[in-house]
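Report on the structure given below.
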């Protein structure tokens, strides 16, 4: 039951902040429950597959998923994720902890950076130009998606914090389409890397199912709350929590 609640919290925070559940689940499992980091990453990726599949289905029904763009970026992303998953199995737990700690610090800084304001300005600019967006810098997007997939497969973080800014700020994709298409890409990416972790024995199925159920419910609730709550102090608190977790991952 406790793992279901952890998944619920991860999904809730992930949906409200756009960080994704993986960046919450892995530190909680390793720091609080002392799950080996390779196993924690495997469980996280399994939960992300389930969650992103549900999100993709929902977004597709609303017409927000750009299937063509998703396949274009997903092809390079899944290659990166499989390579990342294979590399993860070769790395020492301490090394993985350090890499994850650095990613947590970057996510913490992103939470309190002016990036979100820049994204809002970009969205208004796109809407003024045309109601039908035009994708730019597709080659850069494909290359960067491979890098994002590599990190996602190695660390079990999904990749939404990487995909959305790339599509939104570099490729001029509207935010709703970027978020929805990112869920589609994550579904493809995580499915590929999940097999690597499963074949290696790094996924506790029972634990993963509890986490996945919690994340799915938390994401649904978090997406609803996120529509009505915009609190800078909430954002700063989450940023602080991520930073503390990062220090624990780096020096614990």
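The values are calculated or read from the model by the stated rules, or taken from the named source; none is laboratory data. Computed from a prediction, not measured in an experiment: that's the story for all the values here. All Cβ positions, glycine included, derive from the backbone under ideal geometry; neighbour counts span all protein chains shown.
A few remarks follow.
- Only one entry of 37, 79, 41, 83 meets the criterion of being surrounded by 14 or more Cβ atoms within 10 Å (Cβ to Cβ), closer than 26 Å to residue 201 by Cβ, at pLDDT 80 or above and under 15 Å from the mean Cα position of the chain (by Cα), and that entry is 41.
- Take the conditions (1) in contact with a helix residue (DSSP H, G or I) (Cβ under 9 Å, 6 or more places away or on another chain); (2) at pLDDT 75 or above; residue 107 misses just one of them, which is (2).
- Residue pairs meeting the criteria (Cβ under 6 Å; at least 6 apart or on separate chains; first touching a residue at least 40 places away in the same chain (Cβ under 8 Å), in region 134-158; second loosely packed, with under 15 Cβ neighbours inside 10 Å and assigned to a helix (DSSP H, G or I)): 154/87
- Only a single item in (1) at pLDDT below 85; (2) surrounded by fewer than 24 Cβ atoms within 10 Å (Cβ to Cβ); (3) touching a helix residue (DSSP H, G or I) at 6+ places or on another chain (Cβ under 7 Å) is not met by residue 159, and it is number (2).
- Subset of region 118-156 [at pLDDT 75 or above, surrounded by fewer than 22 Cβ atoms within 10 Å (Cβ to Cβ) and part of a loop (DSSP other than H, G, I, E, B)]: 134, 135, 136, 137
- Verdict on residue 208 being crowded, with 23+ Cβ neighbours inside 10 Å, over 15 Å from the mean Cα position of the chain (by Cα) and either without any contact (Cβ under 8 Å) to a residue 60 or more places away in the chain or part of a helix (DSSP H, G or I) (or both): yes
- For region 61-72, the set of residues classified as exposed (fewer than 15 other Cβ atoms within 10 Å of the Cβ) and at pLDDT below 85 consists of 61, 62, 63, listed by residue number.
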